1. Report yes if Thr154 is out of contact with any strand residue (DSSP E or B) (no Cβ under 7 Å at 6 or more places or on another chain) and within 21 Å of Val29 (Cα to Cα), otherwise no.
2. Name the pairs whose Cβ atoms lie under 6 Å apart, with the first residue in segment 65-83 and open to solvent by 50 Å² or more (accessible area, probe 1.4 Å), the second of a type in the set (Val, Ile, Thr) and at pLDDT below 95, and 6 or more positions between them or separate chains?
3. In segment 13-29, what residues are modelled with pLDDT of 50 or more and open to solvent by 50 Å² or more (accessible area, probe 1.4 Å)?
4. For segment 136-149, enumerate the residues that are in contact with a strand residue (DSSP E or B) (Cβ under 9 Å, 6 or more places away or on another chain), free of Cβ contacts under 8 Å to residues at least 40 places away in the same chain and outside any loop (DSSP other than H, G, I, E, B).
5. Which of the numbered conditions does Tyr95 fail, given that it passes all the others? Conditions: (1) crowded, with 19+ Cβ neighbours inside 10 Å; (2) hydroxyl-bearing (Ser, Thr, Tyr); (3) over 19 Å from Val23 (Cβ atoms).
6. Check Ile32 against each of (1) modelled with pLDDT of 95 or more; (2) under 18 Å from the mean Cα position of the chain (by Cα); (3) β-branched (Val, Ile, Thr) and name the one condition it does not meet.
7. Could you grab me the full set of residues in segment 98-125 that are of a type in the set (Ser, Thr, Tyr) and within 28 Å of Leu20 (Cα to Cα)?
8. On the given criteria, is Glu162 without any contact (Cβ under 8 Å) to a residue 24 or more places away in the chain, in a helix (DSSP H, G or I) and closer than 26 Å to His19 by Cα?
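The values are calculated or read from the model by the stated rules, or taken from the named source; none is laboratory data. Just so you know, these numbers come straight off a predicted model, no measurement behind them. When we count neighbours, we look across all protein chains shown, and the Cβ atoms used for this are built from the backbone with ideal geometry, even at glycine. Side chains included, ligands, DNA and RNA excluded: accessible areas come from the protein's heavy atoms. Shrake-Rupley method; radii C 1.70, N 1.55, O 1.52, S 1.80 Å.
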Amino acid sequence: FYLLISGCGYTTRPGLASHLKTVYVKPFVNKIDLTQLTTNLQQFPIYRHGMEVDITNAVISRYQFTGLLRPAGAERADSRLEGELVEFRRDPLRYNASQQVEEWRLNIVVNLRFVDQTTNTVLWEEQALTGDTTYFAVGARAESESGALSRATTDLARRIVERSVESW
């Protein structure tokens, strides 16, 4: 009876430098320019107050969930995530026979920077990272926009955390 174990190189800390164990999630800053929101029917602009707080909380929760980097205070953390909310969009995907929007896509767009606080080095920056979801506004599968926004925020947080722990 032989037991053969082969190593595939998989680790539970993919891409993370070994000294990075904690992260400070700096509160996201809302950089959406409200003066630039158009009102034409093609873009369907919307604005949600406090989205940057929801994003910050979702990212912290996601780090706690994955356990790859533990959230910590600014002074004690090995790394720091900085983010700016730059766009929130709701685009029509499908219309019904009455030309009423039946299905929407929500996009939340952020710019990010990840810093090694032990060396004060920017490890990576990414512009326009997007979290999204779709939802039905009418019909049997209809749901609230706030429920869909919560899903889009969760999707964005998942993408941010994945980006911060994968190879740079």
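1. It is true that Thr154 is out of contact with any strand residue (DSSP E or B) (no Cβ under 7 Å at 6 or more places or on another chain) and within 21 Å of Val29 (Cα to Cα).
2. Filtered contacts from segment 65-83: no entries.
3. Pro14, Ser18, His19, Lys21, Tyr24, Lys26, Pro27, Val29
4. Answer for segment 136-149, where residues must be in contact with a strand residue (DSSP E or B) (Cβ under 9 Å, 6 or more places away or on another chain), free of Cβ contacts under 8 Å to residues at least 40 places away in the same chain and outside any loop (DSSP other than H, G, I, E, B): Phe136, Ala142, Gly147.
5. Looking at each condition in turn, Tyr95 falls short on (1).
6. Here Ile32 clears every test but (1).
7. Thr118, Thr119, Thr121 - these are the residues of segment 98-125 that are of a type in the set (Ser, Thr, Tyr) and within 28 Å of Leu20 (Cα to Cα).
8. yes
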